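J.: Sharing a structure with you now.
What follows draws every value from the coordinates through simple rules; no lab data is involved. None of the values given here were measured: they were computed from a predicted structure. When we count neighbours, we look across all protein chains shown, and the Cβ atoms used for this are built from the backbone with ideal geometry, even at glycine.
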Amino acid sequence: MAADRDLFSYPKYWAECYGTAPFLPMSREEMKKLGWDSCDIILVVGDAYVDHPSFGMAVVGRMLESQGFRVGIIAQPEWNSKDAFMTLGKPNLFFGVSAGNMDSMINRYTADKKLRHDDAYTPGDIGGKRPDRAVLVYSQRCKEAYKDVPVVIGGIEASLRRIAHYDYWQEKVRRSILFDAKAEILIYGNAERPLVEVAHRLAAGETFDTMQDIRGTAVIRKEPLPGWRGVDSTAIDKIGKIDPIPNPYGADDVGCGTFSEFAKEGIDLTQPQIVEAKPIMVQPAKPKPWEQTYVKLPAFEQVSVNKPLYAHASRILHQETNPGCARAIFQRHGDRHIWVNPPAYPLTTEEMDGVFGLPYKRVPHPVYGKEKIPAYEMIKTSVNIMRGCFGGCSFCSITEHEGRIIQSRSQESILKEIEQIRDTVPGFTGVISDLGGPTANMYKLRCKNPKAEQTCRRPSCVYPTICEHMDTDQSPTVDLYRAARKITGVKKVLVASGVRYDLAVEDPNYVRELVQHHVGGYLKIAPEHTEEGPLSKMMKPGMGAYDKFKAMFDKYSKEAGKEQYLIPYFISAHPGTTDQDMVNLALWLKERDFRLDQVQNFYPSPMANATTIYHTELNSLKNLKGNSEKVPVAKGERQRRLHKALLRYHDPKGWPMIREALRNMGLAKLIGKGKTCLVPEETRDELKQKAKPGGQIAVTKHTGMNPVKAALIKKQQQTGKSSGQASFNQGKAKGPASKAK
């Protein structure tokens, strides 16, 4: 997939004469030592400044520096006034604003919306060093500091809010972040290619009015770009039955052709593919169906109140993520529109090598002294070998941010970085803590059919089955592992990134190499669930793939004479999960004696497919026309707590809740001492506590139980007939549900 222009082909800006800064300056004193009177670009970020390629702002800063720009960083500024945003003076070109490596809301709050008191990206692991919705706050302060200086927003927080999106914390649909930030342009995804273009064009005297069509950017417009043709999203993906509402596109539809008009031209916008040019008279050949074409989504005002329309808009957005065939997105917000250009082209191997070969110091800025930054401590001896993921898991936002196309570094570049770690990282013990990326075993994998790769709109290359066009030969990764182990001074190379095990089993040689040489006793993998209901909404494989991988893992561990264990990760309360599904998962865990210490309730991050399902309770993974599937979603605090408690079935704190749920489900036989039981019966102390005056009333209030039923239970407890509860519930439910043993 060819890029418009090589990342390093631009003429250097004049400031290259200053050379490379030891660290990008964070103060006027540092600027003075470098001989600078001003910065061309100032980056504002919610993380501490760590000059390491795993920290986004370090990559962006060093990338811009390599283009000849003077770049300063304002890290974790005090945001209650504009003062901190003026510490480096007025930038000559623009402010670049990012919340950091994490979304600020996810960084600040747990999945249960409780405030966190720690922050791994802050010295001392101290929470509260960044505001909620950091991109908005920082952008506003930049405008207050210097109202005539443009603001460019980017990073994960901006990327995942580029159109109207459901916000879990406010439980409503918010408009595109670009409107609230009042920035000039939004750059989504990995920013190098569009950011370098923006910087050079601004430096050449252009304004943002002439930079509306840059790939990987979003801008606010009154109308579509001149010369672009449009199509209604409803012509591409039928919505089906929706609530009666006014026309969602209003009377101001501009230049938006109908589906039938495109069909007359021989253009099938629902199944984009390479179309041979058919010259007509002296007219130029027809463009490919997606070139200079935009899709008009339902307006913000409509998706904010109509869930089927929201699910429809989400489906369209996720169909337009392939840089080879993506169309622009156009969505009305009041009297203006958000215009989202197609994604930037992925970096080539040579460009990836260039980005990771920039002169990073690989340590935090000296201003932090000896203060530990947990995120840095975790990754300081790890190496990122690739970007992107074609897994398409619905709860993950990698596809929306980095894309499905795998962008791999060369083996030489990776080995060189390992040598740099050996030679420069303080306290290096000879162990590379991770050799991986978003997915450990996708290095150098891609579609074997270039034409299919350019036109494919599948959300996943491995679900429901591995695509026949997908390369599954993981020998490049095996070769890399072997070469890394041979580096002098390197004692151990671990793989801590997630392994896509359904892909791994396609290449037993890879599994053998991984298990026998790169597992430090435990290997973490993520089945996420055992039941088909939630797995189908996660777009994850069934447990058959897990069982096959485990058999191979055990076999190769035994061959190597090592005692090693798989540590499975699971998600509770994911859309599509019923209480019965969680009980079945808990029984699966108990049968195998898995006791999970840390579990994660589903976290609805902006723009993820699973978040759309959570919000709408519709299966937006399928065409919504005729799709009446009502997806079960655990939304209430009590049900979400129950699902989490079932994952930790061994924790006594959750037993009262689990017992109550099992009895209400007619599964009281799972309470007791037997091997097939999930939790034990109440202890004498618990029964005494319940029998105290007012004790059952409190329980009744807490559970919302029917008063008649509560009185019956209380009477049974007082007479010592604890088994009566099981009989009462079993009498209502004709036998336990399937799979509960």
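J.: For region 589-660, please report how many Lys pairs fall under 19 Å Cα to Cα, leaving out neighbours fewer than 8 apart on the same chain.
T.: On the way: 590/644; 590/653; 622/630; 635/644; 644/653.
Count of close lysine pairs: 5.
J.: Report relative contact order for region 427-586 in percent, whole number only (criteria: Cα-Cα under 8 Å, sequence separation at least 6).
T.: Relative contact order comes out at 25 percent.
J.: Return the calculated 222 nm mean residue ellipticity for the chain, to the nearest 500 deg cm²/dmol, obtained by summing -39500 (n - 2.57) across DSSP H runs with n ≥ 4 and dividing by the residue count. Kindly include the intermediate steps, with their values, before the conclusion.
T.: Values: 29 runs with 252 residues, N = 741.
Taking each H run of at least 4 residues, the total per residue is -9500 deg cm²/dmol.
J.: Can you tell me the FRET efficiency between residue 592 and residue 372 if r is taken as the Cβ-Cβ distance and R0 is 41 Å, rounded to the nearest 0.05?
T.: Efficiency computed from Cβ-Cβ geometry: 0.70.
J.: Please give every one of the aspartates and glutamates within straight-line cross-link reach of residue 673, meaning a C-alpha to C-alpha distance under 20 Å, and leave out same-chain neighbours fewer than 8 residues apart.
T.: Reachable aspartates and glutamates: 591, 593, 651, 660, 681, 682, 685, 686.
J.: Taking 0.36 nm per intervening residue step and subtracting the Cα-Cα distance, what contour gain separates residue 637 from residue 664 on full extension?
T.: Extra length from residue 637 to residue 664 when fully extended: 7.9 nm.
J.: Which of 312, 687, 136 sits closest to the plus end of the dipole of the chain, meaning its Cα is farthest towards the positive end, when Lys and Arg get +1 and Asp and Glu get -1 on the C-beta?
T.: 687
J.: Same structure, new question: Using the C-alpha atoms of the chain, what convex hull volume per residue, in cubic angstrom, is computed?
T.: In the chain, the Cα hull volume divided by residue count equals 187 Å³.
J.: A follow-up question, please. As a test, work out the antiparallel percent of DSSP beta bridges whose residues both lie in the chain, rounded to the nearest 5.
T.: Taking every DSSP beta bridge within the chain, about 35 percent pair in antiparallel fashion.
J.: Something else: How far apart, in nm, are the 7 Å Cα→Cβ label points at residue 221 and residue 630?
T.: Roughly 4.2 nm, to one decimal.
J.: Let me ask something else about it. Tell me, what is the FRET efficiency for residue 516 and residue 473 to the nearest 0.05, using R0 = 22 angstrom and their Cβ-Cβ distance as r?
T.: Numbers: r = 19 Å, r/R0 = 0.88.
Efficiency, rounded to the nearest 0.05: 0.70.
J.: Still on this model: For the cross-link pairs 491/558; 90/372; 129/182; 444/562, which exceed 26 Å when the distance is taken from alpha carbon to alpha carbon? Show your work: numbers first, answer last.
T.: Numbers: 491/558 22 Å; 90/372 31 Å; 129/182 23 Å; 444/562 29 Å.
With Cα atoms farther than 26 Å apart: 90/372; 444/562.
J.: Using alpha-carbon positions, what is the distance between the centroids of region 333-372 and region 118-146, in Å?
T.: About 18 Å separates the Cα centre of region 333-372 from the one of region 118-146.
J.: Here is a follow-up. Sticking with the crude label model, points 7 Å out along Cα→Cβ, report the distance from residue 448 to residue 465 in nm, one decimal please.
T.: So the label points at residue 448 and residue 465 sit 1.5 nm apart.
J.: Using the alpha-carbon atoms, what tilt in degrees (0 to 90, nearest 10) does helix 56-66 show relative to the longest principal axis of the chain?
T.: 10 degrees
J.: Where a Cα-Cα gap under 16 Å defines reach, which aspartates and glutamates qualify for residue 114, not counting those fewer than 8 residues away within the same chain?
T.: Leaving aside aspartates and glutamates fewer than 8 places away in the same chain, those within reach of residue 114 are 103, 132, 167, 171, 637.
J.: With the contact rule set at Cα under 8 Å and sequence spacing of 6 or more, what percent relative contact order holds for the chain?
T.: 10 percent.
J.: Another question, then. Residue 572's amide H: which non-local residues (gap 5+, or another chain) put their own amide H closer than 5 Å, with H modeled 1.01 Å from N in plane and none for Pro or chain starts?
T.: 600, 601, 602
J.: Nearest 20 debye, what's the magnitude of the dipole of the chain about its Cα centre given +1 on Lys and Arg Cβ and -1 on Asp and Glu Cβ?
T.: Dipole magnitude for the chain comes out near 3120 debye.
J.: Is there a quick way to get the dipole size of region 478-536? I mean about its Cα centre, with the Cβ of Lys and Arg at +1 and of Asp and Glu at -1; what is the value in debye to the nearest 20?
T.: Computed about the Cα centre, the dipole is about 680 debye.
J.: Using only Cα atoms and rounding to the nearest 10 degrees, what angle (0 to 90) does helix 723-732 make with the longest principal axis of the chain?
T.: 70 degrees
J.: Straight-line reach only, C-alpha to C-alpha below 16 angstrom: list the aspartates and glutamates that residue 370 could link to, leaving out same-chain residues fewer than 8 apart.
T.: By straight Cα distance, residue 370 reaches 51, 125.
J.: Mind giving me the nanometre distance, one decimal, between the label points for residue 335 and residue 116, set 7 Å out from Cα along Cα→Cβ?
T.: 4.1 nm
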